[in-house]
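Here the structure is laid out as structure tokens; the discussion comes afterwards.
The values are calculated or read from the model by the stated rules, or taken from the named source; none is laboratory data. Predicted model, so just to flag it, every value in this text is computed and none were measured. Backbone-built Cβ (ideal geometry, glycine too); neighbour counts: all protein chains shown.
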Amino acid sequence: MAFNKNVYFHLFVLVAFIATFYYTANRFRRGGKFSIRPLDAIPKMEEAVGRATEMGRPVHFSYGMGAFDAQYFAAFTLLEYAAGLCAKYDTRLIISIYLPEVVPMTEEVVRKAYTDAGKIESYRPDDIRFWGGSHNPAMIGLISREQVAANFMIGSLFHESILGIEAAARNNAIQVMGTANTHQLPFIAAGCDAIFIGAEMFAAAAHLQPNPVRVGSVFAEDWLTRLMVLLMAIGAVLATFGNTSLSALLKR
Amino acid sequence: MLEKLNNLDVRILYVLMVIAATFPLLWPMGLPLPISEQVKASYNAIETNIKPNDLVFFGIDFEPTQEAELWPQVLAVGRHVASKGARMVLVNMIAGGFRYEERIEDVLIKQFNMKYGVNLLSLPFSAGREAAFQSIVADFKGLYKVDYHGKTLTDFPLWNEIKSAKDFKMYVQIADAPDWWLRPMSQVKGLLLWNGTVASGASTMAPLYQSGQMCGFIIGMSGGAEYEFLTKRPGPAAAAMDGQSMGHALIILFVILGNIGYQMTKRKEAEAKKAR
Amino acid sequence: MGTAIGTWIGAFLTIGLFSWMYKENAWFRVVENIFVGASLGHLAVTGYQSIVDIAWKPALQGKAIMWLPLIGGFMLFSRWSRKYTWISRVPMGFLVGTTAAVVMNGAIKAQLIEQAAATMMKLNTINNIIFVAVTLSATIYFLFTLQSKKAEPVINLGKYGMMIAFGATFGQTVMSRISLFTGRMQFLLFEWLKLTPGG
Amino acid sequence: MIFVKTQLPIIVTFVSAFIVVASYYLDIQAWKTFAAELLRWNVVLAAFALALGIGGIVRLHWGRIARRERTAPYSIICLLSLALFLVVGLAQTTRGKAYQWLWDYILLPVQATSYATTFFFITSAAYRAFRIRNSYTVVLMVSAILMMLRVGFFASVLPFTPAVSAWVWDIPTTAGMRAVTIGAALSLVGNSFRIIVGLERGHLGGGE
């Protein structure tokens, strides 16, 4: 086989992840005990939908204006949760979308949530709004006109985060946001009631549906991250004594 | 009285900010502008690495919305690269970037006598972002058939001299979006990476500069203004820096006032509790 | 002539959008709807061009494999029928699969390996020691299965590190936002009102 | 048939992902070229998906006009603006003179202005958010103010600020953000892997 050079450690990480994942997932399938640090943003989402219901006002959700990447996948899971809550409480959910290719996926996610809640008749495809490049003015217009009372923005956020925060703050909405884009974390940390920071939005999946696959995945990710922390610490100590073999190994 | 500062009508703040940012545009104050080490280092990365006839891949990846911040960078860095006698290939991966490609092409041809097709080439927009960069890495010549102007690429001598992305000495990219270009482009062996970005994207890119994945990195309007100063060609960024300083001063003032109001409100609430 | 009218339209749109800052109003709403229409129209035109350039023309010129993305694209329209919706999930699977694959490759290299290797720095200066300590402790914050009380001081150090990072990024971004506004004011003052600096 | 309906999308997901992932490890030029080709198809599929999204918005506005709702005039403006761009763009492509005019004087100013509104939002966000509530917010506020004092005029009045803020930026900020990046890396891997092998399929709906 013709293998590329400089990808060995890369391949090791991938294979190690897959192996650990299957091991941990199987352990939980056989009924292993687990505990994962709670995330305050998840109950906050329920509280937000609850309050929107009391006030008789809608809930808004957006993925932000990032390119199609893994953050959308994490957002699908959280959207499913939000849509499930909205279906349960009969609260209107309006979704703003920037990327065309996620329109059909969003429809599937929301329809599934409404079906699972037994409320398929209240599913409104019209409230899944594709705005393209006009996402931001359309979103702030929508938030202020519909008097949105809960604002969720989860995904690859860009400057729309702060627009959403300020527009919804004028309605005193409860806001939960999450992103792995470091350039937006400061704004959501400063302006929201609860946030998912980077990895937290992926770990949320395991809280929402603690099945062996998701819990096993979080454990496998954690163990490999621990290994990397250990490697970084050892590598730094070695480097102090002039030995850079470990960082060289990583790049093999 | 002071607790009112806790909850000012934000519209008052808006009006004051507009005045602070606009006034210096009409009446420039000529405040001094020091040059940062990072901009100096990034300038030197081009100054020392680029030799005459080196191939430089020049990406312009931002929407018109970022013009105020990034066009001065394109202008300053583009002129600097051209003044080193490099051969340049312009490219854009964000739909709105094409008109800056056209504009800088014009500047390079007029001010540096570059010959289109010989030492300058503009490639058209291609969609897909990270995926498009991935295909540049895997199969550079396969991605493009025609140039920006719709002409067949194989008619240009410069195009025929390039075989793959590995032939480029440096990839200079002025972009508003963070790191999706870097994941693919860092796979090209021996290619130096140089990035100019918006101030808000700086936190994403800074670790990548610090880790040595990029040889140069300038940030925002101040980066552009300082670069203009280093290349001794005054441009649009330097003129707007006074408004920056005024705006910053005002925001800091708002933060202080807000905190005074907040502490006063807290004290009052505490007193009210005691009274009960 | 075209430029003069265009500048007035540009000014109308610019001020209309800014007017939301005072409150949501009819002018803003007109501009919002012009924007929605224009941007969707623009997307449709560029989308059509990419279909023609990337797939349709090569397919007609005999590059048979390019029929696949075209067929996949048409399969998406099965969403308009309740019964055949499942057909559209095939191209959706393709989109998701390729995207997930690119993410997976990129994340391991750029986000994990390169970053980890760069953190293995010599611990011979205070700065390097602080750097490594903050990176490691803040990474430990992201371990979701770690719930030991002993780890708390470490996690707190990481949290402070992240707070400094968030604050600094916030401050840094202010600059960027002022620049954007400056750009629009330059348009209004110099191109529309034709004022000149210096009064 | 049910098998085909539920499993075919998953199989397609897996096969396409496998081709792209393997292209990274294998040194086979033909494979790499084919993987790059696959990634280009995404653009085509996204363009088709556009039609779905635009269809939704047109239906929404058309409904409002047909029902003669109070907001119908806005819907008319929206559809007219869409039609204008669509007709001019299809007639002369985006490179045509008239289209360039539309771009320069309609799309460009609204895009730029829409982005520039962040100027106002960041002002009020700074005013509201930087209240000293606990030790974390002190750190947050101080480092934000330091960064604002770094550039332009302040740097000459307070000559220590560029050095101090450069330190804050290079050491704790870079380190803190790097941790976020490293912390998320394996989550991205885990999440992508679950999707590739079909263990996560909410985005493909629930069976039927």
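Below are the figures for this structure:
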read-out	value
Out of B:199, B:225, sole residue that is small (Gly, Ala, Ser), closer than 12 Å to residue B:39 by Cα, within 11 Å of another protein chain (Cβ to nearest Cβ) and out of contact with any Cys (no Cβ under 9 Å at 6 or more places or on another chain)	B:225
Residue in the stretch C:111-125 that is within 30 Å of residue D:40 (Cβ to Cβ), more than 8 Å from chain B (Cβ to nearest Cβ) and out of contact with any Ser or Thr (no Cβ under 8 Å at 6 or more places or on another chain) present	yes
Contacts under 6 angstrom Cβ, first residue in the stretch C:9-27 being acidic (Asp, Glu), partner surrounded by fewer than 20 Cβ atoms within 10 Å (Cβ to Cβ), 6 or more apart	C:24/A:144
Conditions (1) among the hydroxyl-bearing types (Ser, Thr, Tyr); (2) surrounded by fewer than 24 Cβ atoms within 10 Å (Cβ to Cβ); (3) out of contact with any Ser or Thr (no Cβ under 8 Å at 6 or more places or on another chain); number of the one not met by residue A:106	(2)
Residue within the stretch B:193-200 that is aromatic (Phe, Trp, Tyr) and either over 13 Å from the mean Cα position of the chain (by Cα) or assigned to a helix (DSSP H, G or I) (or both) present	no
Selection count where residues are facing chain D (nearest Cβ under 7 Å), under 12 Å from residue A:123 (Cα atoms) and either in contact (Cβ under 8 Å) with a residue 24 or more places away in the chain or in contact with a strand residue (DSSP E or B) (Cβ under 6 Å, 6 or more places away or on another chain) (or both), scope the stretch A:94-109	1
Residue among A:140, A:165 that alone is of a type outside the set (Ser, Thr, Tyr) and closer than 17 Å to residue A:45 by Cα	A:165
Some residue of the stretch C:137-156 being surrounded by 24 or more Cβ atoms within 10 Å (Cβ to Cβ) and either within 11 Å of chain B (Cβ to nearest Cβ) or of a type in the set (A, V, I, L, M) (or both)	yes
Residues located in the stretch A:190-247, provided they are outside the structural domain of residue A:16 (by TED's automatic domain parsing), of a type in the set (A, V, I, L, M), free of Cβ contacts under 8 Å to residues at least 40 places away in the same chain and in a helix (DSSP H, G or I)	A:190, A:199
Helices (runs of 4 or more DSSP H) lying entirely in the stretch D:87-199 (those with 1 or more residues that are touching a residue at least 40 places away in the same chain (Cβ under 8 Å), within 7 Å of chain C (Cβ to nearest Cβ) and crowded, with 21+ Cβ neighbours inside 10 Å)	D:174-196
Complete set of residues in the stretch A:65-89 that are of a type in the set (Ser, Thr, Tyr) and either farther than 17 Å from residue A:45 by Cβ or touching a strand residue (DSSP E or B) at 6+ places or on another chain (Cβ under 6 Å) (or both)	A:72
Residues being touching a Ser or Thr at 6+ places or on another chain (Cβ under 6 Å) and aliphatic (A, V, I, L, M) - total across the stretch A:149-161	2
Any hit, the stretch B:159-171, residues being free of Cβ contacts under 8 Å to residues at least 24 places away in the same chain, on the phi > 0 side of the Ramachandran plot and of a type outside the set (Val, Ile, Thr)	no
Unmet criterion (only one of (1) of a type outside the set (Phe, Trp, Tyr); (2) modelled with pLDDT under 95; (3) farther than 19 Å from residue A:71 by Cβ) for residue A:84	(2)
Unique residue being within 8 Å of another protein chain (Cβ to nearest Cβ), at positive phi and under 22 Å from the mean Cα position of the chain (by Cα) when the list is B:220, B:243	B:220
Single condition residue A:113 does not satisfy, out of (1) closer than 30 Å to residue B:63 by Cβ; (2) of a type outside the set (Ser, Thr, Tyr); (3) assigned to a helix (DSSP H, G or I); (4) facing chain D (nearest Cβ under 10 Å)	(1)
Test: residue in the stretch D:53-64 that is closer than 30 Å to residue C:104 by Cβ and part of a helix (DSSP H, G or I)	yes
Single unsatisfied condition, residue B:118 versus (1) touching a helix residue (DSSP H, G or I) at 6+ places or on another chain (Cβ under 8 Å); (2) crowded, with 16+ Cβ neighbours inside 10 Å; (3) of a type in the set (A, V, I, L, M)	(2)
Identity of the residue in the stretch B:16-56, hydroxyl-bearing (Ser, Thr, Tyr) and part of a helix (DSSP H, G or I), that ends up nearest to residue B:228 (Cα to Cα)	B:43
Segments classed as helices (runs of 4 or more DSSP H), wholly inside the stretch C:1-72, with at least 1 members that are on the phi > 0 side of the Ramachandran plot and surrounded by fewer than 21 Cβ atoms within 10 Å (Cβ to Cβ)	none
Test result for residue A:178, within 8 Å of chain C (Cβ to nearest Cβ) and buried (at least 18 other Cβ atoms within 10 Å of the Cβ)	no
Unique match (being more than 8 Å from chain A (Cβ to nearest Cβ) and either buried (at least 23 other Cβ atoms within 10 Å of the Cβ) or outside any helix (DSSP H, G or I) (or both)) among D:41, D:31	D:41
Residue within the stretch A:150-172 that is assigned by TED's automatic domain parsing to the domain that holds residue A:26, crowded, with 23+ Cβ neighbours inside 10 Å and touching a Gly at 6+ places or on another chain (Cβ under 7 Å) present	no
Subset of the stretch A:47-72 that is aromatic (Phe, Trp, Tyr) and touching a residue at least 40 places away in the same chain (Cβ under 8 Å) - its residue that is nearest to the other protein chains (Cβ to nearest Cβ)	A:72
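Yes/no matrix, rows are residues, columns are (1) closer than 20 Å to residue D:141 by Cβ; (2) β-branched (Val, Ile, Thr); (3) outside the structural domain of residue B:18 (by TED's automatic domain parsing):
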position: B:225; (1), (2), (3): no, no, yes
position: B:229; (1), (2), (3): no, no, yes
position: B:246; (1), (2), (3): no, no, no
position: B:250; (1), (2), (3): yes, no, no
position: B:253; (1), (2), (3): yes, no, no
position: B:256; (1), (2), (3): yes, yes, no
position: B:261; (1), (2), (3): yes, no, no
position: B:266; (1), (2), (3): yes, no, no
